[in-house]
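Worksheet: one structure, shown below.
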Amino acid sequence: MLMSNTNRPARLHYMANGFRVITPGDHVICARSKAVIPMGELRYWSVARQEPYATASLATEVMAPA
C-alpha cells in the first residue's frame, strides 16, 4: 500500500550542510513559534539543538549568547 506524506510532520536529523529524513513527511514544526514549515521552505535549523526554525530572526534569537 502506498502511503502519502501529506499533512504529516517529518522527523529529521539536522547536519551542518543539510538534513537527513528519518521519517518522511511534508512539514516540520518550528521549535520557537510552533509554525508549520513546509519541507520545501525549511532553511534554518540548529545542529546542536536538532531544532528547525521558521525564520532567520528566530534562529538568531535562540543561538545568541546569553
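Surface composition of the chain: carbon plus sulfur atoms contribute 56% of the solvent-accessible area (1.4 Å probe, protein chains only, all chains present). Taking label points 7 Å from Cα along the Cα-to-Cβ direction, ALA66 and ARG49 give a separation of 1.2 nm.
Normalised by the number of residues in the chain, the average gap of Cα pairs under 8 Å and 6 or more apart makes the relative contact order 24 percent. Averaging over all projection directions, the Cα-based convex hull of region 14-55 occupies 2.8 nm² in the image plane.
Heavy-atom accessible surface of the chain, averaged per residue, reaches 71 Å², computed with a 1.4 Å probe.
The values are calculated or read from the model by the stated rules, or taken from the named source; none is laboratory data. These numbers come from a predicted model, not from an experiment. Counting neighbours? That spans all protein chains shown, and the Cβs are built from the backbone with ideal geometry, glycine included. Calculation scope for accessible area: heavy atoms of the full protein, side chains included, ligands and nucleic acids excluded. Shrake-Rupley method; radii C 1.70, N 1.55, O 1.52, S 1.80 Å.
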